[in-house]
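Below is one structure, written out as structure tokens; the observations come after it.
The values are calculated or read from the model by the stated rules, or taken from the named source; none is laboratory data. Every value quoted in this text rests on a predicted model; they were computed, and no experiment measured them. Please note: Cβ atoms are built from the backbone with ideal geometry, for glycine as well, and neighbour counts cover all protein chains shown.
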Amino acid sequence: MQTQTADETSASKRRFSDIVGYGTVIATIAMLFFFLVLPVSTIMARAFFNKGEFTFRYFPLLFSNEMLMHSIGNSLMIGVVTTLLATLLSFPLAVINVKWEFPGKGLLMGLLLVPMVMPPFVGAIGLLRFFARRGSVNLALLDLEWIDAPIDWLGPENMFWAVIVLEVLHLYPIMYLNLSASLANVDPSVEEVATTLGVPKWKQLKDIVWPLARPGYFAGAIIVFIWALTDLGTPLLVGYHETIPVQIFNMITDVNENPVGYALVFLVIVMTIAFFLLSKLALGSKKYEMMAKGHVSSARRRANWFSLPLIYLLVGGTVFLALVPHIAVIITAVSNKWFMTILPEQYTFDHFGQVFQTSLSLIGIKNSFIFAGLSTLLDLILGLLIAYVIVRRLIPFPGLLDGLVMIPLALPGIVLAFGYVVTYSDTFLDPLHNPVPLLVIAYAIRRLPYMVRSASAGLQQMSPSLEEASTTFGASRFHTLRKITVPLVTANLIAGALLCFSYAMLDVSDSLILAMKEKFYPMTKAIYVLFLEQGSGELLASALGVIGMAILAACIMGASLLLGKKMGELFRS
Amino acid sequence: MEVVFKSIYKRYGQTTAVHDLNLTIEKGALHFLLGPSGCGKTTTLRMLAGLEQVTEGQLFFNGADVTKKPAVDRGIGMVFQNYALWPHMTVYKNVEYGLKLRKLTSAEIKKRIDDVLDITRLTQYVDRLPGQLSGGQQQRVALARALAIRPNVLLLDEPLSNLDAKLRGEMRDNILRIHKQTGITTLYVTHDQREALSMGTRISVMHAGHLIQTDNPRTLYNFPRTPFIAGFIGETNLIQGKVLARDGEAITVETPVGRFHALHKVEQFPVGAAVSVSMRPEAIAIDWDKKGQGSNYFQLKVEHLTYLGESEQFQLRSPSGQAIKVNFYHAPEHNFREGDTIGCMIAPEDVLVLPPQTEIGPGT
């Protein structure tokens, strides 16, 4: 040990891997430009330019069309009402989660999250079956003699509420997760101080807890609002066509003749940005630094004989309600000869067998696995690199990149898909010829925020000195990333990948819009097309939906096991 | 390897973290960089490692300019304050990592790992993960990992700050022993003056981004160059004053507490210059018998007495309001009480005349 010569490391090898590393970063930015910034700007430009001339004439067309005005009003109402109802539903649930302790809590609170991963448009199939004129609900009510004639639940006047119910039951978990995380972050000692000062409980909630939890609430609320506003699948299946997403969907086919579509999509972008800014600036801009992290376990109350039944009723009731549409799908999928009875007379697994004999559904399953798998791989690479660049501040203004990557969270799928169609028609990426590249990229871009957030969470917990130590030994940044960083954030990466994969598997808007030929149909489009078919199509669609739900449920369970409490932080803007 | 910092600056936007640093770390030395937190010592260390860019100035290894060389090419072994052990690798893998990046035969790698694990007495823990080790063992793994690559320079960033008092003493001896065995040029950063005094042969003191003094422990303690060092290394009483007269090494300073004669070898101050006077609490003698005379005699009022067994602390105050602290070892029985007036004396050679205490800058 007397020698003092530091051994030489292989310099050329290192330079090479650095080039690979930086090249990937550049590719990431290029990808975000071509498949996020460019399509959105193209829409914006085409909404104002006609043959190179600036024009405002599309917007009067938009506002003079009565049906479009109705659609805009309906969609805004869907967004507002869904957000309000989801808040009312999830606030008590979040308080129960944070403040109370009771037997079976883990299981019940876990079940609360299940609806999030159940695609609402699959649920819609079940709901339609249950609430049809001659559906189970009406038959049951007739049997009980509560009504004399079947109620038209899904008639034109009730479609709005059908969509709302499906959206609320699908989206409340996001609100619940955000509220729980925000409430849990409030240090219980600030409430204890208030208690010692004689402030009553309700006033503490209003004056202390709520202001501190507010930023987290609005971060979640804006996501719920935008998702409900721009969800395509649910209104499409319910048949509620006077909504913005369905109108955009219908306009895609003749987009070159009818430029009103641009104006409508532009309007969606403007609304998204406006509501986003509103929530950030006016309502949730202030973030309070918590002096000490909450250690809530000490402040949890045990439920007693009085509160326990209430809690069970509320949580159990919510879980039940939220799962009704999906239970209906499952019953439909295994029903045999279901006609004019409340429940099927016979049950069978034949439909699942048929699923695997029908070319359409087989193509759908196969394509979905391939597309979702590829997009997840892309997310994994991009997400890790972006998170790394942002967390380690490798570029000036990392906040800008962070903002850019988070846009897809609020960017409606229809907008992105629409943008792809108009930007890449008549190019080598034309979705008419082969939509696979665009589909994979669309899936990847839209789920990138989950991956970036997930990887960032891991990186932030990791001391930079672990990487610096590796650097001092002569390891390149790329080598360090591979050998030190990635192994230490593996759990976060897997969890993020599972989320990306499952959401890609059941993506609706990109799939319906971009996949135009049968051989490229993903599962969701296959479900939609089967559903529209006469005869046993609905049964096959249900069976395929059940298979999708099973895949999704398995993925999300894996993710939540790996991520634990951090799940709530993924669904924030 | 000899390390030379030449006029090095480190700026973060408007703030200057390191200001005109000139320092030579001799080959094979165990050199200490001492200063309060935020003084720029860790920044200096990180510049040496290549983890921070030098804003201005040059850094030389054995005469070769390495200012622009990236961290990966410097051959540095670093022990981080939090050890930065890779939690997913065993002790063996942690040590092996740096070696695998080098063109070494597997036999050579094996031999080196065995050597460092032996020298750090970790051989029995090779298969453990860092989480299964105690704080002291983790510290030794960090040290072994840094030593395995036979670094040009070993950097220790507050290596003992996360250990309890007992382990700290043990690790001090370990580090001294390993340094002696390996002879690797080592820079040791700490804010603990006792650590530096007890282990160091050369200590550089930094304050507010400036390197103020580099000396051996005794010289630092006895002849601090600024009031800051006098107060940072050991305790002292600082009184602001003015030079009244001087005659060769003898210097007379007028202060609100009184007139002090000093024998001064370190720095020259002209008559009329503003200065500060530093007197160590243990250097001040107390006039137990109330003789009322002696060199540098001054009278103070007793504010508070603290009896500590082997010593007694006197907190005193001059008529002008200056607080003076005196530590007396083996104090005799006495009947001074709070409020009494007490006579104090100090030998001229124990009175240090230093630059005046100003705001932070090169003179502080």
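If the condition is being outside any strand (DSSP E or B), more than 15 Å from B:PRO356 (Cβ to Cβ) and touching a residue at least 60 places away in the same chain (Cβ under 8 Å), then region B:242-263 contributes B:VAL257, B:GLY258. In region B:107-130, the qualifying residues are those that are touching a helix residue (DSSP H, G or I) at 6+ places or on another chain (Cβ under 9 Å) and within 11 Å of another protein chain (Cβ to nearest Cβ), and the one that is surrounded by the most Cβ atoms within 10 Å (Cβ to Cβ) is B:VAL116.
From the list A:VAL137, A:VAL122, the lone residue that is outside any loop (DSSP other than H, G, I, E, B) and over 16 Å from A:VAL238 (Cα atoms) is A:VAL137.
For A:ASN434, indicate whether it is of a type outside the set (Asp, Glu), part of a loop (DSSP other than H, G, I, E, B), within 24 Å of A:LEU506 (Cβ to Cβ) and at pLDDT 85 or above. Criteria met by A:ASN434. Under the condition of being in contact (Cβ under 8 Å) with a residue 12 or more places away in the chain and β-branched (Val, Ile, Thr), which residue from region B:285-311 is farthest from B:ILE324 (Cα to Cα)? The qualifying residue farthest from B:ILE324 (Cα to Cα) is B:ILE286. Checked across region B:41-48, the condition of being out of contact with any Phe, Trp or Tyr (no Cβ under 7 Å at 6 or more places or on another chain), of a type in the set (Lys, Arg) and either at the interface with chain A (Cβ under 8 Å from one of its Cβ atoms) or crowded, with 19+ Cβ neighbours inside 10 Å (or both) holds for at least one residue. Tallying residues that are charged (D, E, K, R), in contact with a strand residue (DSSP E or B) (Cβ under 8 Å, 6 or more places away or on another chain) and more than 12 Å from A:GLY474 (Cβ to Cβ) within region B:59-101 yields 1. Helices (runs of 4 or more DSSP H) fully within region A:339-418 that include at least 3 residues being more than 22 Å from the chain's Cα centre (by Cα), free of Cβ contacts under 8 Å to residues at least 24 places away in the same chain and surrounded by fewer than 20 Cβ atoms within 10 Å (Cβ to Cβ): A:359-391, A:398-410. Out of A:ASP402, A:ASP426, one residue alone is farther than 30 Å from B:ARG46 by Cα, away from every other protein chain (no Cβ under 14 Å) and charged (D, E, K, R). It is A:ASP426. The set of residues from region B:162-188 being within 21 Å of B:SER204 (Cβ to Cβ) and away from chain A (no Cβ under 14 Å) comprises B:ARG172, B:ILE175, B:LEU176, B:TYR188.
Between A:THR253, A:THR243, the distinction of being farther than 30 Å from A:ARG301 by Cα and modelled with pLDDT of 80 or more belongs to A:THR243 only. Take the conditions (1) in a helix (DSSP H, G or I); (2) free of Cβ contacts under 8 Å to residues at least 60 places away in the same chain; (3) among the hydrophobic types (A, V, I, L, M, F, W, C); A:PHE428 misses just one of them, which is (1). Taking region B:63-75 as the range and being within 14 Å of another protein chain (Cβ to nearest Cβ) and either modelled with pLDDT under 90 or under 25 Å from the mean Cα position of the chain (by Cα) (or both) as the test, the residues that pass are B:LYS69, B:PRO70, B:ALA71, B:VAL72, B:ASP73, B:ARG74, B:GLY75. Just one of the listed residues (A:LEU377, A:LEU400) is among the aliphatic types (A, V, I, L, M) and out of contact with any helix residue (DSSP H, G or I) (no Cβ under 9 Å at 6 or more places or on another chain), and it is A:LEU400. If you go through region B:1-29 and keep only what is crowded, with 22+ Cβ neighbours inside 10 Å and either within 14 Å of chain A (Cβ to nearest Cβ) or not in a strand (DSSP E or B) (or both), you end up with just B:ILE25.
Determine if region A:481-493 includes at least one residue that is of a type in the set (D, E, K, R), without any contact (Cβ under 8 Å) to a residue 40 or more places away in the chain and part of a helix (DSSP H, G or I). Yes, the conditions are met somewhere in region A:481-493. If the condition is being over 23 Å from B:GLN132 (Cβ atoms) and at the interface with chain A (Cβ under 7 Å from one of its Cβ atoms), then region B:87-106 contributes B:LEU101, B:ARG102, B:LYS103, B:LEU104. hydroxyl-bearing (Ser, Thr, Tyr) and either at pLDDT below 85 or over 32 Å from the mean Cα position of the chain (by Cα) (or both): is that true of B:TYR297 in this structure? It is true that B:TYR297 is hydroxyl-bearing (Ser, Thr, Tyr) and either at pLDDT below 85 or over 32 Å from the mean Cα position of the chain (by Cα) (or both). The sole residue among B:GLY234, B:GLY241, B:GLY183 that is under 30 Å from B:GLU254 (Cβ atoms) and out of contact with any strand residue (DSSP E or B) (no Cβ under 9 Å at 6 or more places or on another chain) is B:GLY234. In the set (1) under 23 Å from the mean Cα position of the chain (by Cα); (2) within 13 Å of chain A (Cβ to nearest Cβ); (3) at positive phi, the condition left unmet by B:ALA84 is number (1). Summed over region A:457-490, residues that are away from every other protein chain (no Cβ under 12 Å) and modelled with pLDDT under 85 total 3. The condition (being among the hydrophobic types (A, V, I, L, M, F, W, C), surrounded by 15 or more Cβ atoms within 10 Å (Cβ to Cβ) and at pLDDT 85 or above) is satisfied by just one residue among A:ALA184, A:ALA221: A:ALA221.
Filter region B:313-335 for residues that are crowded, with 16+ Cβ neighbours inside 10 Å, among the hydrophobic types (A, V, I, L, M, F, W, C) and modelled with pLDDT of 85 or more and give the result. B:PHE314, B:LEU316, B:ILE324, B:VAL326, B:PHE328 - these are the residues of region B:313-335 that are crowded, with 16+ Cβ neighbours inside 10 Å, among the hydrophobic types (A, V, I, L, M, F, W, C) and modelled with pLDDT of 85 or more.
Yes/no per residue for (1) surrounded by fewer than 14 Cβ atoms within 10 Å (Cβ to Cβ); (2) within 23 Å of A:ASP231 (Cβ to Cβ); (3) modelled with pLDDT under 90; (4) not basic (Lys, Arg):
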| site | (1), (2), (3), (4) |
| --- | --- |
| A:GLY79 | no, yes, no, yes |
| A:THR87 | no, yes, no, yes |
| A:PHE102 | no, no, yes, yes |
| A:LEU113 | no, yes, yes, yes |
| A:MET118 | no, yes, yes, yes |
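Looking at B:THR55, B:THR90, just one residue is modelled with pLDDT of 90 or more, of a type outside the set (A, V, I, L, M, F, W, C) and more than 30 Å from the chain's Cα centre (by Cα), and that residue is B:THR90.
Looking at region A:521-542, is at least one residue at pLDDT below 85, within 14 Å of chain B (Cβ to nearest Cβ), assigned to a helix (DSSP H, G or I) and touching a helix residue (DSSP H, G or I) at 6+ places or on another chain (Cβ under 6 Å)? Looking through region A:521-542, none of the residues is at pLDDT below 85, within 14 Å of chain B (Cβ to nearest Cβ), assigned to a helix (DSSP H, G or I) and touching a helix residue (DSSP H, G or I) at 6+ places or on another chain (Cβ under 6 Å).
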